[in-house]
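A.B. asks: To start, I am sharing the structure in question, which I have written as structure tokens.
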Amino acid sequence: MLSIASVVIYDALVDPELLQLAPPNCLKLDVGKRGGRPSTPQQKINQLLIAYCLQGKQVVRLKSGDPFIFGRSSEEIQALSAAGCDFEIIPGISSAIAAPTLAGIPLTDRIFSTCFAVLSAHDPDKLDWEALARIDTLVILMGGRNLERIVQQLKDNGRSPLTPAAIIRDCSRPSQQVWSGTLEDIVNKTSGVSLSPAVIVVGEVVKLADNLQLQQQHKPLASKTILVTRAAGQSAKFTDLLQQQGANVIEIPALEIRPPSSWEGLDRAIDRLQDFHWLILTSANGVEYFFKRLTNLGKNAVDLAQIKIAVVGKKTAATLKKQGLRADFIPPDFVADSLVENFPEALTNKKILFPRVETGGRAILVKELSAAGAEIVEVAAYESGCPKEIDAAAWEAIQKKQVDIITFASSKTVRNFAQLIESAKGDNSARSLLEGVTIASIGPQTSQSCREILGRVDIEASVYTLEGLTEAILGSVGEGERGRGGEGEKDM
């Protein structure tokens, strides 16, 4: 639903990454409620939902966790029903369930816990503590500010001071922290710490967390938070690769892929496809935009039957395959640098169509092809630029020094990252902000940009693909954070 939303009305605890799934022109309204802070009145939220619904907008009311667990969703639904607005309810996972799981705490156990209760301790005086103290496991939401009173009530009503207790703050985020202890000492262990948002778990099951967390930590990147610079709105294959190794991944859009300023050159080339001997494609974006334009002009893959195709990179080849075509030539090491040297036939008098990024591409490939005797027709197939502002979640993680590794898969992402930092902070401080952060690059040219702009590179992939970069990161972690220094599929 987020991908087609025209209005998103969201709460304070919603992960900012989710908002990236909405279209760029989507109106995003923060109506979050946090204890002790100014918040939007519930009646105002109801009015916003109704107003945009009656305007015919596709509205998403985005809540964190399960919307029916202390979420006041029933009030909003009643208001929508009274106004004649259609709606759909999509269930979520409550933090009461998610937070203990992410901390390795099972809420039930054959020996320690045959039942559990979820409660809000926003107003402890309204709760029946005598009854609650008898339940095996308690999961307490909105209780951080009342922790001392909660503990005292449980002890006063017969719960042993030695009962295990845990507090999970910022569950699932890079800043997640877990404090474990007993009812006797948990207050002292968290003295002076802001416990919002936090989930409190009381019961013998807390003791099981150590064993379960050890199992979770077997993955090599389990303790690492990795910042992945990527193109906005594109697939998160690299994120998936890193998460499979246990990493906590934060994505930061550092490129915006969009149509070129003019289709004139590409349209003219497509109209004269029969004149070309070769088509060279050096990025997945180039493939996608070229074939979209081909289709828009009433042509298809059949019109390329007499043209040989060369591609740079596995990802480019895979994207071409989705169009029902296989590359006739892929250079060694998956990089453009080796394309001319290893070209499968003489280039003299060969006419080559090269759809590429409008600005910022590498001119050396065109120069080398021309020097070998080919006639190159360069046309803009797409453009890549810098987003207007830095992603909120990524910026918070950088400022709070929560990032262990930052990755770059092209020179452009390096330049744009530095530009985003400068825009957010008002000065050129990307280097200082990355002190203590491992910089990982996908290949030599990206590494060169890292050194020029960020002052260094710590890891460089030996195979210039996302899989190769993943392996390089794993190797560096296994060797105690030693890296080689950093390129893969370039924006051409």
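Quick note: the coordinates plus some simple rules give every number you see, no bench work behind them. From a predicted model like this one, the values you see are computed outputs, not experimental measurements. Neighbour counts are summed over all protein chains in view; Cβ atoms, including those assigned to glycine, are modelled from backbone coordinates with ideal geometry.
A.B. asks: Sort V287, V366 so the one with the fewest other Cβ atoms within 10 Å of its own Cβ comes first.
C.D. replies: V366, V287
A.B. asks: Put +1 on the Cβ of every Lys and Arg and -1 on every Asp and Glu Cβ in the chain; which of S160, T229, Q323 then has its Cα farthest towards the positive end of the dipole?
C.D. replies: The one lying farthest along the dipole's positive direction is Q323.
A.B. asks: Which Cα, out of Q43, H122, V187, lies furthest along the positive dipole direction of the chain (beta carbon charges, K/R +1, D/E -1)?
C.D. replies: The residue sitting most towards the positive pole is Q43.
A.B. asks: To make sure I understand the rule: partners must be aspartates and glutamates, Cα under 20 Å from the Cα of K126, and not fewer than 8 residues away in the same chain. Which ones qualify?
C.D. replies: E148, D156
A.B. asks: Take the Cβ-Cβ distance between F68 and D123 as r, set R0 to 22 Å, and report the resulting FRET efficiency rounded to the nearest 0.05.
C.D. replies: Values: r = 19 Å, r/R0 = 0.89.
Once the sixth-power term is evaluated, E becomes 0.70.
A.B. asks: Write down the percent of antiparallel bridges among all DSSP beta bridges whose residues are both part of the chain, to the nearest 5.
C.D. replies: 30
A.B. asks: Could you put R415, R268 in order, starting from the residue whose Cβ has the fewest other Cβ atoms within 10 Å?
C.D. replies: If I rank by nearby Cβ atoms, fewest first, I get R268, R415.
A.B. asks: From the backbone phi of the range 403-409, what are the Karplus-calculated ³J(HN,Hα) couplings (6.51 cos²θ - 1.76 cosθ + 1.60, θ = phi - 60°) in whole Hz, Gly and Pro given as x?
C.D. replies: 9, 8, 9, 10, 10, 10, 10
A.B. asks: Further question on the same structure: Assign one of three labels to the range 2-82, namely rounded, prolate or oblate, based on the Cα gyration tensor with a ≥ b ≥ c the square roots of its eigenvalues; rounded applies when a/c is under 1.5, prolate when it is not and a/b is larger than b/c, and oblate otherwise.
C.D. replies: oblate
A.B. asks: A further question on this structure: If we sort 270-281, 56-67 on the protection proxy, mean other Cβ atoms within 10 Å, highest first, what's the order?
C.D. replies: Per-residue mean Cβ counts within 10 Å order the peptides as 56-67, 270-281.
A.B. asks: Using each residue's phi in the range 224-231, evaluate 6.51 cos²θ - 1.76 cosθ + 1.60 at θ = phi - 60° and report the 3J(HN,Hα) Karplus result to the nearest Hz, with x for Gly and Pro.
C.D. replies: The phi angles translate into 9, 9, 10, 8, 10, 7, 8, 7 Hz.
A.B. asks: Indicate the gyration tensor shape class of the range 315-420 (rounded, prolate or oblate), computed on the Cα atoms with a ≥ b ≥ c the square roots of the eigenvalues: a/c under 1.5 is rounded; otherwise a/b larger than b/c is prolate and the rest oblate.
C.D. replies: Values: a/c = 2.52, a/b = 2.22, b/c = 1.14.
Prolate is the answer for the range 315-420, as a/c is 1.5 or above and a/b outweighs b/c.
A.B. asks: Give me the distance in nm between label points sitting 7 Å out from Cα along the Cα-to-Cβ direction at N428 and T359, one decimal.
C.D. replies: According to this spin-label approximation, the distance is 1.9 nm.
A.B. asks: Using R₀ = 60 Å, calculate the FRET efficiency as 1/(1 + (r/R₀)^6) where r is the Cβ-Cβ separation of V193 and T348; round to 0.05.
C.D. replies: So the FRET efficiency works out to roughly 0.25.
A.B. asks: Here is a follow-up. Taking only the alpha-carbon positions of the range 146-289 and ignoring solvent, what does the Debye formula give for the base-10 log of I(q)/I(0) at q = 0.10, 0.16, 0.19 Å⁻¹?
C.D. replies: Taken in order of the listed q values, log10 I(q)/I(0) reads -0.59, -0.97, -1.13.
A.B. asks: Work out Dmax and Rg for the range 95-216 from the C-alpha atoms and quote the Rg first, both in angstrom.
C.D. replies: 13.1, 39
A.B. asks: Radius of gyration and Dmax for the chain's Cα atoms, expressed in Å?
C.D. replies: Cα only, the chain: 27.4, 91 Å (Rg, Dmax).
A.B. asks: Then there's this: Which whole-Hz couplings ³J(HN,Hα) result when phi for each residue of the range 456-472 is put into the Karplus expression 6.51 cos²θ - 1.76 cosθ + 1.60, θ = phi - 60°, listed in order with x for Gly and Pro?
C.D. replies: Going residue by residue, I get 5, 8, 10, 9, 10, 5, 7, 10, 7, 9, 5, 5, x, 5, 4, 5, 5 Hz, with x marking Gly and Pro.
A.B. asks: Taking amide H positions as placed in the peptide plane 1.01 Å from N, state which residues far from V379 in sequence (5 or more) or on other chains have amide H under 5 Å from it.
C.D. replies: Amide H neighbours of V379, under 5 Å, 5+ apart: F354, R356.
A.B. asks: Suppose each label sits 7 Å from its Cα in the direction of the beta carbon; what would the S338-Q42 distance come out to in nanometres?
C.D. replies: Placing both labels 7 Å beyond Cα along the Cβ direction yields 6.5 nm.
A.B. asks: Please order Y289, Y464, Y52 by the number of other Cβ within 10 Å, starting at the fewest.
C.D. replies: Ranking Y289, Y464, Y52 by Cβ neighbours within 10 Å, fewest first, gives Y52, Y289, Y464.
A.B. asks: If you don't mind, there's one more thing I want to ask. In a solvent-free Debye calculation with one equal scatterer on each Cα, what is log10 I(q)/I(0) for the range 16-145 at q = 0.09 Å⁻¹, listed in the order of the q values?
C.D. replies: Taken in order of the listed q values, log10 I(q)/I(0) reads -0.37.
A.B. asks: I've got another one for you. Given a Förster distance of 60 Å, report the FRET efficiency between D303 and E184 from their Cβ-Cβ distance, rounded to the nearest 0.05. The partial results should precede the final answer.
C.D. replies: Numbers: r = 77 Å, r/R0 = 1.28.
After rounding, the FRET efficiency stands at 0.20.
A.B. asks: Quick check: pseudo-label points 7 Å beyond the Cα along Cα→Cβ at F112 and A236, how many nm apart are they?
C.D. replies: Distance between label points: 3.1 nm.
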